[in-house]
Amino acid sequence: MEVVVTGIGLVSALGNLEQTWRRSLSKETAICLQQPFSELAPRPLALIGNSPSALLPLVQVAIAALQDAGLELPLTDCGIVVGSSRGQQAQWEKLTRSRQDGIENWLETLPNAAAIATAHQVGAVGPVLSPMAACATGLWAIAQAFELIQTGQCERAIAGAVEAPITPLTLAGFTQVGALAQTGAYPFDRYREGLALGEGGAVFVLETAESAKKRAAKVYGRILGFGLTADGYHVSAPDPDGREGAIAIKQCLERSGLTPEAIGYIHAHGTATQLNDRNEARLIQRIFPKGVPVSSTKGATGHTLGASGALGIAFCLMALKHQILPPCVGLSQPEFDLDLVTEPRRVTIQNALCLSFGFGGQNAAIALGC
């Protein structure tokens, strides 16, 4: 059964879907030095507003996706798969600091809050799932929605991820492991410093091609297949031999009926950390020895953790729609022998691959087609 994307809702520190796409093509970055918490040193961050966002307001991207798809509320007959790797962590940190004995509406602060809030907004009564797979959460959510439709559990699903990760504990934790940048994010650059946290999310309307055709909906692209694996190697460091990451990509290609040569673009995870970029570059070189254009957009939007894969899917779909590849913002001196996109590149492509790799050895790949 063919599954297509008919709506996209996105918010990042660069703006909505069209603004984020346009500004990334202009090589703009939303990352700048910020000090949202006086007890912590300033860091390069990508904030949507003047202060750190809360999670639940970001769920409005689901409404934007429905509007983009030409659908009206309530929409009862659909599945909901909206994930977040941090969930309502910011609320729990506030609770801890205030030393309250209790919390009002505590159910709204549980990790599944984004999915439940989306279901309430939409009026959905079908399956409601809330995956958490570190930085692979966004791809996992879309893969689960794809399966819901393919197995006949629903004809349509709203899927994606949102993240409001800029909290004292998150900043302190990433500082402790030496993962945060000092000046900015420069994926795949020889002088990369680390990641820069960003806020945002992306949610998609997935439905059967038959359903989209019946209502004459516009189609951004097709979900062709996915691969999900876990290393079981280390709590934060990826397995240096990349075995399970390679398996995830190969599974994705096989399930999609594609060869490596059929992929015209890879949206890489590209966090700008030493380990991720090195391991991911080796992985791409191994599976795509003939070369393929590669870029990471985290130098523009920041690293939105669990939502980053969902943003990556949106960039892939826009690249397929416009036949333009987004540049790797911040990259000036490539360290790796890859076909890294440093300027917007006009192309003729049919298929794209989006990659995500998360703490705990989470590996995810999704293939998309025109």
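The values are calculated or read from the model by the stated rules, or taken from the named source; none is laboratory data. Keep in mind the model is a prediction, meaning the values are calculated, not measured. Backbone-built Cβ (ideal geometry, glycine too); neighbour counts: all protein chains shown. Only protein heavy atoms, including side chains, enter the accessible area calculation; ligands, DNA and RNA are left aside. Shrake-Rupley method; radii C 1.70, N 1.55, O 1.52, S 1.80 Å.
For beta carbons closer than 8 Å, sequence separation of 6+ or different chains, a first residue in region 100-112 that is closer than 18 Å to P57 by Cβ and a second that is at pLDDT below 70, the qualifying pairs are T109/I103. Remark: D68 matches the filter, which requires a residue to be among the acidic types (D, E), out of contact with any Asp or Glu (no Cβ under 9 Å at 6 or more places or on another chain), farther than 24 Å from F174 by Cβ and modelled with pLDDT of 95 or more. For region 289-310, a tally of residues being crowded, with 20+ Cβ neighbours inside 10 Å and either more than 19 Å from E343 (Cα to Cα) or aromatic (F, W, Y) (or both) returns 8. Could you tell me whether any residue of region 153-164 is in contact with an Asp or Glu (Cβ under 6 Å, 6 or more places away or on another chain), closer than 20 Å to G309 by Cβ and buried (at least 24 other Cβ atoms within 10 Å of the Cβ)? Within region 153-164, one or more residues are in contact with an Asp or Glu (Cβ under 6 Å, 6 or more places away or on another chain), closer than 20 Å to G309 by Cβ and buried (at least 24 other Cβ atoms within 10 Å of the Cβ). P131: in contact with a Pro (Cβ under 6 Å, 6 or more places away or on another chain), closer than 30 Å to A30 by Cβ and buried (at least 16 other Cβ atoms within 10 Å of the Cβ), yes or no? Taking the combined requirement at face value, the residue does not satisfy it. Looking across region 249-288 at every residue that is open to solvent by less than 10 Å² (accessible area, probe 1.4 Å) and among the charged types (D, E, K, R), the one that is nearest to G225 (Cα to Cα) is identified as E280. Going through (1) without any contact (Cβ under 8 Å) to a residue 40 or more places away in the chain; (2) on the phi > 0 side of the Ramachandran plot one by one, G160 falls short only on (1). Restricting attention to region 200-230, the residues that are within 20 Å of the chain's Cα centre (by Cα), open to solvent by 30 Å² or more (accessible area, probe 1.4 Å) and not hydrophobic (A, V, I, L, M, F, W, C) add up to 1. Can you work out which of the residues in region 135-151 that are open to solvent by 30 Å² or more (accessible area, probe 1.4 Å) and touching a residue at least 60 places away in the same chain (Cβ under 8 Å) is nearest to the chain's Cα centre (by Cα)? Looking at residues that are open to solvent by 30 Å² or more (accessible area, probe 1.4 Å) and touching a residue at least 60 places away in the same chain (Cβ under 8 Å), I get W140.
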